[in-house]
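Worksheet for the structure shown next.
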Amino acid sequence: MAKVKGDKTFFHGKSSSIGVLLVNLGTPDEATSSAVRKYLAQFLSDSRVIEIPRLVWLPILYGFILPKRPPVIVEKYKEIWMEEGSPLLHYSNRQAKLIQQEMESRFKGPIFVEPAMRYGKPSIESGLKTLQEKGAHRILVLPLYPQYSATTTATGFDEVAKVLRHWRWIPELRFVGQYHDHPAYIDALANSVKEYWNENGQSDVLLMSFHGLPKRNLDLGDPYHCHCLKTGRLLAEKLQLENTQWRLTFQSRFGKAEWLQPYTDKTLKELPADGVKSVDAICPGFPSDCLETLEEINIENREYFIEAGGESFNYIPALNDSQSHIKALADIVQQHTQGWSETSGNWDVSDTEKQNELTQQRAKKKGSKL
């Protein structure tokens, strides 16, 4: 049975607020082998991510992968590491700050936005704790995975539930499952492509590369593949592309099992033979640039295309902290917080303070020490 903890931040009449927890996958704390090993151990131990039976998988993980892979992966991280840390953490912090500013301009009541990582720091637990300290009695969890998957969105929900099962006062909770076809998200993607083309010209093909999953996940009912296809179709329609002008592929596969196809690396190796000499690549499923976009796509897969006879490979950055992306995420927050008092145009800070003071007075008259 979970041990329920007391809330040391609670007192009668404490101001309440809306909290928004932005959840992303995670990142190592440093570009070192030990930090990467710690991150991979947490990530690859998640049974939502690796569905192989534990008795089979854990000996492979701890006997082969963790001793050998971190030194290889850390060299990749070093190629993209920023002064502020990993690009994913940098942009996640920026997104949280900018979304809070945007929501403060839309809502009269207080709202606080915190970034969190499913694996690594800042953790989901620390993000929720910070929101609790700020009086968030209503919390919206926004996983930054536009396309739902049990390997990403669902495991974020698992961790939120794991943390909250220890709380004495559970907040009102709402959870965004996906936004793969949200108009503002599609608009933000289209704007990023158009802006790139306006500055650099348009290539023969726009390659939309999504993170891969084992095909088994699709067969078991995971909607991720369908969500990716719909995002790609809507983006192509928004850009008014002919079928010959775009491709949708899946990257980051490993192991011997069949994954979602077509594969990004294989496609890029084949395109030059089909007469495609220039490619613009975008990764619509990644809200922030990270190892999978900056190293795997813009370095590794660029080389595959050029070595196969391609002449020009251009990577269109993730939406990151662009104005259209912040607006899209703010629209999603506003949509999913409807009805909460802080979003009301009638919310008034002076009236709220008076009610909080009265609550404190009444509680003390009844003998409360808080």
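Within the listed set Leu234, Leu319, Leu22, the Gaussian network model of the chain (springs between alpha-carbon atoms below 10 Å) gives the highest mean-square fluctuation for Leu234.
Couplings 3J(HN,Hα) of the stretch 78-91, computed from phi: 4, 6, 10, 4, 10, 4, 7, x, 5, x, 4, 5, 4, 6 Hz, in residue order, whole Hz [Karplus 6.51 cos²θ - 1.76 cosθ + 1.60, θ = phi - 60°; x for Gly and Pro]. Each Lys or Arg adds one and each Asp or Glu takes one away; over the other residues whose Cβ falls under 14 Å from the Cβ of Gly63, this sums to +4. Using only alpha carbon pairs under 8 Å that are at least six residues apart, calculate the relative contact order of the chain and give it in whole percent. For the chain, the relative contact order is 24 percent. Shown is the FRET efficiency for Lys97 and Asn198, computed with R0 = 35 Å from the Cβ-Cβ distance and rounded to the nearest 0.05: 0.80. FRET efficiency for the Lys5 to Lys215 pair, using the beta carbon distance and R₀ = 45 Å, is estimated at 0.60. On a 0 to 90° scale, report how tilted helix 349-365 is relative to the longest principal axis of the chain, with both axes built from alpha carbons and the result rounded to the nearest 10. Taking the Cα atoms of the chain, the angle to 349-365 is about 50 degrees. Computed from Cα atoms, the angle from the helix 224-238 axis to the main principal axis of the chain rounds to 80 degrees. Inter-label distance, Ala363 to Glu104: 2.6 nm, where each label sits 7 Å from its Cα along the C-beta direction.
Look at the dipole of the stretch 301-370 built from charges on Cβ: of Gln335, Ile306, Ser350, the Cα furthest out on the positive end belongs to Ser350.
Using only C-alpha atoms and all pairs of different ones, pull out the Kirkwood radius for the stretch 253-370 in Å with one decimal. Across the stretch 253-370, the inverse of the average 1/r is 19.4 Å. Only DSSP H runs of four or more residues enter the estimate; each adds -39500 (n - 2.57), and after division by the residues of the chain the mean residue ellipticity at 222 nm equals -13000 deg cm²/dmol. For the stretch 183-315, the relative contact order comes to 31 percent (Cα pairs under 8 Å, sequence separation of at least 6).
For Phe157, the shell of other residues with beta-carbons less than 13 Å away shows a net charge of +2, using +1 for Lys and Arg and -1 for Asp and Glu. If you fit an axis through the alpha-carbon atoms of helix 155-164 and take the longest principal axis of the Cα set of the chain, what angle between them do you get, 0 to 90°, nearest 10? Approximately 20 degrees, to the nearest ten.
A cut-off of 5 Å between modelled amide H atoms, ignoring neighbours fewer than 5 places along the same chain, links Gly26 with Arg118, Tyr119.
Across His336, His227, His12, mean-square fluctuation computed from a Gaussian network of the chain (C-alpha pairs under 10 Å connected) peaks at His12. Here the Karplus relation 6.51 cos²θ - 1.76 cosθ + 1.60, evaluated at θ = phi - 60°, turns the backbone of the stretch 49-60 into coupling constants of 7, 10, 9, 5, x, 4, 5, 8, 6, 4, x, 5 Hz, with x for every Gly and Pro.
Modelled label positions at Ile60 and Ile299, each set 7 Å beyond Cα in the direction of Cβ, lie 2.6 nm from each other.
Computed packing ranks the peptides 161-168, 51-58 as 161-168, 51-58, most packed first, by mean other Cβ atoms within 10 Å. Stokes-Einstein diffusion for the chain at 20 °C, viscosity 1.002 mPa s, with a Kirkwood radius from C-alpha pairs, works out to 96 µm²/s. Of all DSSP bridge pairs formed entirely within the chain, close to 5 percent run antiparallel.
Using the average count of surrounding beta-carbon atoms within 10 Å as a protection proxy, the listed peptides 213-223, 98-108, 27-37 rank, highest first, as 27-37, 98-108, 213-223.
Shape analysis of the stretch 183-315 based on the Cα gyration tensor places the equivalent ellipsoid semi-axes at 22, 19, 13 Å, largest first. Extending 7 Å from the Cα toward the beta-carbon at both Thr130 and Cys226 defines two label points whose distance is 3.6 nm. Working ranking of peptides 320-332, 133-145 by packing, defined as the average number of other Cβ atoms within 10 Å per residue, highest first, is 133-145, 320-332.
DSSP beta bridges fully contained in the stretch 183-315 are about 5 percent antiparallel. Among the GluC sites (Glu not before Pro) in the stretch 300-346, those located in a DSSP loop and surrounded by at most 13 other Cβ atoms within 10 Å of their own Cβ are Glu311. Once backbone amide H atoms are built at 1.01 Å from N, Val141 has Leu21, Arg174, Phe175, Val176 as its partners under 5 Å, excluding neighbours fewer than 5 places away on the same chain.
If R0 equals 56 Å, the separation of the Cβ atoms of Ser341 and Ala273 corresponds to a calculated FRET efficiency of about 0.40. Note on the chain: with a GNM built from Cα contacts shorter than 10 Å, the maximum mean-square fluctuation among Asn198, Asn298, Asn93 falls on Asn198.
Only the coordinates and a few stated rules stand behind these numbers; no lab work does. This one's a predicted model, so the numbers in the text were calculated from it and none came from an experiment. For neighbour counting, all protein chains shown are included, and Cβ atoms are generated from backbone atoms with ideal geometry for every residue, glycine included.
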